[in-house]
Amino acid sequence: MIRYSIYIVDDEESIRDGVAMVLEGNYQVAAFVEGEAAIRAMGNHPPDLVLLDIGLPGMDGIEVLRKIRDIHPKVLVIMITAYEDVDTVVTAMKLGAYDYVLKPLHMDSLEVTVQNALETIRLRKEVQALQERYLKENLPCIIGESSAIRDVMDFINLVAKSPDTPVLIIGETGTGKELIAQAIHYRSPNFKGPFMAVNCAAIPKDLTESELFGYEKGAFSGAVDSGKKGLIEEAANGTLFLDEVGDLSLEAQAKLLRFLESGDYYRLGGTKLLHTQTRVVSATNKELDTLMEKNLFRKDLYFRLSIIKVNVPSLNERRDDIIPLSKHFLMTFSNKFGKSFKGISQEAENALLSYNFTGHVRELRNIIERAVLIGKGRELTVRDFGIDKPEKQSLPRQGQERIFLPPLTEKGINLVSIEESLTGYYIKEALRMAKGNESKAAKLLNLNHHTFRYRKKKLKIG
């Protein structure tokens, strides 16, 4: 459980003692008469929240606020003022104060304001903990709680150890294939080398070879006099990521195959044989089998690229990750747009969990970005998302609430993932209703205690 720390900075003893008495039962509280003393006490361990009187002796509250924002910009500050001086309050809000309260203080109202501020901090800390956890486990930060994505990351831990074995990443557009490629790079012996990424579909066919292998002076009309290194050279002792590798021309495929087999290549227009050690990680959302049948993709290149294959699950196959990802994006875009959302409403979370994501993680990211940009208040709501409500099948739940299942469409569904999500949902609900008592929770689900604990452990429910 998060233990929040709060500073009270006010020169009136009765206010300091009164506020401290109300808050210290739930929070770690420290009180100060002057702003200078509070700033010194912050040091390297600042509080989560400061209740700051505007009319302080010496350095006034506005100046203290400026200092806090300069030194510890993430600390939230609620201003306390004896009168509603509009100009002063506006100045404080422009400087980044979270809110303000008027004297005489009404403790019930103050507690609500404090709780709202701490909700913002709670979300920030929750997302930060997620980011730190996954950043330690895999660079870059891949947010994921589901067994589907955890299996992928466990597999990556194994295959990344080789410095040059090619890897083919297969997944639909928007599933995060480049993030997986980066995770492979930063776990490999090549992690100190460069990570070079190129979208093969975005390079004109007649420039593909020169982009990959470079060219010499006068190789073609428009070539720069000094020649140019190719991406393979730029990625020496690192990783070259070829996104949409199925779009390579047959000529480029032949040269790439030669490089993969020997590490040798020629620059376009050059006669000097060059050699480079780099790992090639490729990705595609196309059916390479179909391209090979049509003689549009070389079979020998496919077998060379796919020594290791990584299948990235769609977001619909890893639905347990939807809310953690949403919270991560919420904080990212709240910071970007200067918003102060504290979370996502329960109704909005349910809407995301029941939505059929055709654009996968990228679509979810775009939905949250739009919602943060246009949303108001403290929570994102369904209205902020701007998504069409899909037709849903539903299972009844106790009372009038319902839990929603994704519809069965022509694209199909992942039944195992849905079963895991439902099981996880009811286990969490049972634990909530039983206030954490596993025996009572197991009875609510008509399970014996052993089976309940086995399923809880399997689904990694804390």
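The values are calculated or read from the model by the stated rules, or taken from the named source; none is laboratory data. Since we're looking at a predicted model, the values are computed, not measured. Cβ: placed from backbone, ideal geometry, glycine included. Neighbour counts: every protein chain shown.
Can you tell which of 6, 15 is surrounded by 14 or more Cβ atoms within 10 Å (Cβ to Cβ) and under 15 Å from residue 61 (Cβ atoms)?
On the way: 6 fails: under 15 Å from residue 61 (Cβ atoms).
Of 6, 15, the one residue that is surrounded by 14 or more Cβ atoms within 10 Å (Cβ to Cβ) and under 15 Å from residue 61 (Cβ atoms) is 15.
Conditions (1) part of a helix (DSSP H, G or I); (2) out of contact with any helix residue (DSSP H, G or I) (no Cβ under 9 Å at 6 or more places or on another chain), marked per residue:
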| position | (1), (2) |
| --- | --- |
| 51 | no, no |
| 55 | no, no |
| 59 | no, no |
| 62 | yes, no |
| 66 | yes, yes |
| 74 | no, no |
| 79 | no, no |
| 83 | no, yes |
| 89 | yes, yes |
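May I ask you to verify whether residue 266 is aromatic (Phe, Trp, Tyr), at negative phi, within 34 Å of the chain's Cα centre (by Cα) and assigned by TED's automatic domain parsing to the domain that holds residue 157? Don't jump to the end; show me each part of the working.
Details: aromatic (Phe, Trp, Tyr): yes; at negative phi: yes; within 34 Å of the chain's Cα centre (by Cα): no; assigned by TED's automatic domain parsing to the domain that holds residue 157: yes.
No: the conditions fail for residue 266.
State whether the residues of segment 337-345 include one that is of a type in the set (Ser, Thr, Tyr), in contact with a His (Cβ under 6 Å, 6 or more places away or on another chain) and modelled with pLDDT under 90. No; the residues of segment 337-345 include none that is of a type in the set (Ser, Thr, Tyr), in contact with a His (Cβ under 6 Å, 6 or more places away or on another chain) and modelled with pLDDT under 90.
Taking the numbered list (1) in contact with a Pro (Cβ under 9 Å, 6 or more places away or on another chain); (2) closer than 30 Å to residue 162 by Cβ in turn, residue 356 passes all entries but (2). Within segment 176-197, can one find any residue that is more than 26 Å from the chain's Cα centre (by Cα) and more than 16 Å from residue 239 (Cα to Cα)? Within segment 176-197, not a single residue is more than 26 Å from the chain's Cα centre (by Cα) and more than 16 Å from residue 239 (Cα to Cα).
For residue 417, the conditions (1) modelled with pLDDT of 80 or more; (2) closer than 24 Å to residue 317 by Cα; (3) buried (at least 16 other Cβ atoms within 10 Å of the Cβ) are fulfilled apart from (1).
Among the criteria (1) closer than 23 Å to residue 149 by Cβ; (2) out of contact with any strand residue (DSSP E or B) (no Cβ under 8 Å at 6 or more places or on another chain); (3) β-branched (Val, Ile, Thr), the one residue 290 does not fulfil is (1). Taken over segment 424-462, the criterion of being without any contact (Cβ under 8 Å) to a residue 24 or more places away in the chain and not in a helix (DSSP H, G or I) is satisfied by 434, 435, 436, 437, 445, 446, 447, 448, 462. Within segment 192-205, residues that are surrounded by fewer than 18 Cβ atoms within 10 Å (Cβ to Cβ) reach partners that are of a type in the set (D, E, K, R) with beta carbons closer than 6 Å, at six or more positions or on different chains, in the pairs 199/243; 199/244; 201/244; 201/247. Within segment 299-307, not a single residue is in contact with a Lys or Arg (Cβ under 6 Å, 6 or more places away or on another chain) and at pLDDT 90 or above.
Kindly indicate whether residue 319 is over 18 Å from residue 119 (Cβ atoms), surrounded by fewer than 19 Cβ atoms within 10 Å (Cβ to Cβ) and either in contact (Cβ under 8 Å) with a residue 60 or more places away in the chain or touching a Ser or Thr at 6+ places or on another chain (Cβ under 7 Å) (or both). Spell out the reasoning first.
Values: over 18 Å from residue 119 (Cβ atoms): yes; surrounded by fewer than 19 Cβ atoms within 10 Å (Cβ to Cβ): no; either in contact (Cβ under 8 Å) with a residue 60 or more places away in the chain or touching a Ser or Thr at 6+ places or on another chain (Cβ under 7 Å) (or both): yes.
It is false that residue 319 is over 18 Å from residue 119 (Cβ atoms), surrounded by fewer than 19 Cβ atoms within 10 Å (Cβ to Cβ) and either in contact (Cβ under 8 Å) with a residue 60 or more places away in the chain or touching a Ser or Thr at 6+ places or on another chain (Cβ under 7 Å) (or both).
Within segment 22-58, restricting attention to residues that are over 39 Å from the mean Cα position of the chain (by Cα) and more than 14 Å from residue 78 (Cα to Cα), the residue that is surrounded by the fewest Cβ atoms within 10 Å (Cβ to Cβ) is 57.
Restricting attention to segment 302-316, the residues that are of a type in the set (A, V, I, L, M) and surrounded by fewer than 21 Cβ atoms within 10 Å (Cβ to Cβ) add up to 2.
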